[in-house]
Amino acid sequence: MKNKYICRILALCCLCMMMNGCRKSDEFTVKGVVAGAAGQTLYLENIGLSTNIVVDSIKLKSDGKFLFRHKRPPYPDFYHLKLKKNLIYFSVDSTETITFTADAHNFATSYTVEGSENSKAMKEITLAQLDAYQEIHKLRDSYGMNLIPDSIYQESSLKAITSYKEVALKYIFGAPASPAAYFALFQQIDGLSFFDLYDRMDSKAYGAVATSYKMHYPESPRAKQLETFALQSLRVTREERRNALQLNNAKEVSFIDIDLPDINNNQIKLSDVAQGKTVLVNFTAYQTEWSPAFNIKLNELYDSYKDRGFEIYQVSLDNDEHFWKNVASNIPWTKVRDPHSIYSSIAAIYNVRQLPALFLLNKKGEMVKRIVSIDTIEDDIKASL
């Protein structure tokens, strides 16, 4: 009788161990302490490609302790802890236990994380992004109040972007298949990516991460997303790097349409202007020291090729509408203005980070190139014509 009782206990213990083993093999754990957050709700959210999903939540007690368990993702994925509007980003790629220690007053920046090297790297990337964000917003405020010239604004903004990219690139090229590399690649400021799809050097970063994700996680939606971006970048920059990134099933990528008012307040679409023509799309600002000389060069090109189906679609980001209209009234090509100026969402979509920015569309309505310098553009125009 006693032996039967012992056997039952042993069997029950084995069953519990098996159940715990199954749970542990299929779940990850996020735990820790948030000081000074008694009564507040802490959320665990999964970061999707298009939306975030609340996975779990807990109302914190006076000790600030929390613990979340959730089914592990089939491939590396991203999550954040959310306290009010403050976020701590981290990644999960196994059944690890990740431990956070944070304070409610500086939740998103001064936390510690243990149990995930990728999450530690993401903290460093987040802080570098925050430094760039704060610096660029200071510059925008000064520029908007005409306290600094355009040249200083551009130079200082590029310096802030470069500082971020120095941090990001050590993960992108050091471990391109890592969640930290993906996270670093897609950081933004006001919807504008640090890494430019249409820049020849930045294209290598997209290619490195896309190729690695396709190799290691071929079924991941993020691998497919990266492949799409890399193909788009390849489509635009292939003339300059014909033997670089090779991905299967390349697809043609058309341009993103623009619809803005001209000096007579008529809405002018880029797609209408581009029908059957080679079009140079130019983002510019007339209130800059380089603008007069730049427009003289554009005028030379326009006079030379307008009769052969060449057109210029010039987008002004000037914040002074009256000044823009005075200058634009003497310009022969298509000129429109974005009233949002340096906060233009269209410029952000085209990833314009410095002016002037130039893009070339061929007669089929395909973006064939981002032009680095106006001094080298004539051969590209001839080829498109």
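The values are calculated or read from the model by the stated rules, or taken from the named source; none is laboratory data. Here the structure is a predicted model, which is why all the values come from computation and not from measurement. Counting neighbours? That spans all protein chains shown, and the Cβs are built from the backbone with ideal geometry, glycine included. Remember, those area values only see protein heavy atoms, side chains included, never the ligands or the DNA or RNA. Shrake-Rupley method; radii C 1.70, N 1.55, O 1.52, S 1.80 Å.
Yes or no: SER142 surrounded by fewer than 18 Cβ atoms within 10 Å (Cβ to Cβ) and in contact with a helix residue (DSSP H, G or I) (Cβ under 6 Å, 6 or more places away or on another chain)?
Answer is no for this residue.
Look at TYR75 and say whether it is within 30 Å of SER178 (Cβ to Cβ), at pLDDT 95 or above, aromatic (Phe, Trp, Tyr) and open to solvent by 50 Å² or more (accessible area, probe 1.4 Å).
No, not satisfied.
Testing ALA293 on (1) closer than 17 Å to TYR153 by Cα; (2) assigned to a helix (DSSP H, G or I); (3) modelled with pLDDT of 85 or more, one condition comes back false. Which one is that?
Status for ALA293: all satisfied but (1).
Run TYR153 past the list (1) part of a helix (DSSP H, G or I); (2) free of Cβ contacts under 8 Å to residues at least 24 places away in the same chain; (3) closer than 30 Å to ALA210 by Cα; (4) not hydrophobic (A, V, I, L, M, F, W, C) and report the number of the one that doesn't hold.
Only one criterion in (1) part of a helix (DSSP H, G or I); (2) free of Cβ contacts under 8 Å to residues at least 24 places away in the same chain; (3) closer than 30 Å to ALA210 by Cα; (4) not hydrophobic (A, V, I, L, M, F, W, C) is unmet by TYR153, namely (3).
Of the residues that make up segment 29-43, is at least one of a type in the set (Ser, Thr, Tyr), assigned to a strand (DSSP E or B), crowded, with 16+ Cβ neighbours inside 10 Å and over 28 Å from the mean Cα position of the chain (by Cα)?
yes
If I filter segment 341-351 for residues that are closer than 13 Å to LEU280 by Cα and not hydrophobic (A, V, I, L, M, F, W, C), do I get at least one hit?
No, there is no match, as no residue in segment 341-351 is closer than 13 Å to LEU280 by Cα and not hydrophobic (A, V, I, L, M, F, W, C).
Name the strands (runs of 3 or more DSSP E) wholly inside segment 304-385 in which the number of residues that are under 28 Å from LEU147 (Cα atoms) and either of a type outside the set (Ser, Thr, Tyr) or modelled with pLDDT under 90 (or both) is 1 or more.
310-316, 334-337, 357-361
Being without any contact (Cβ under 8 Å) to a residue 60 or more places away in the chain and either over 16 Å from the mean Cα position of the chain (by Cα) or open to solvent by less than 10 Å² (accessible area, probe 1.4 Å) (or both) is the filter here, so list the residues in segment 207-222 that pass it.
GLY207, VAL209, ALA210, THR211, SER212, TYR213, LYS214, MET215, HIS216, PRO218 - these are the residues of segment 207-222 that are without any contact (Cβ under 8 Å) to a residue 60 or more places away in the chain and either over 16 Å from the mean Cα position of the chain (by Cα) or open to solvent by less than 10 Å² (accessible area, probe 1.4 Å) (or both).
Which one of these is assigned to a helix (DSSP H, G or I), in contact (Cβ under 8 Å) with a residue 24 or more places away in the chain and over 26 Å from LEU358 (Cβ atoms): ALA160, ALA132, ALA181?
Of ALA160, ALA132, ALA181, the one residue that is assigned to a helix (DSSP H, G or I), in contact (Cβ under 8 Å) with a residue 24 or more places away in the chain and over 26 Å from LEU358 (Cβ atoms) is ALA181.
Out of LEU67, LEU87, LEU83, which single residue is free of Cβ contacts under 8 Å to residues at least 60 places away in the same chain, among the aliphatic types (A, V, I, L, M) and exposed (fewer than 15 other Cβ atoms within 10 Å of the Cβ)?
Of the residues listed, the single one that is free of Cβ contacts under 8 Å to residues at least 60 places away in the same chain, among the aliphatic types (A, V, I, L, M) and exposed (fewer than 15 other Cβ atoms within 10 Å of the Cβ) is LEU67.
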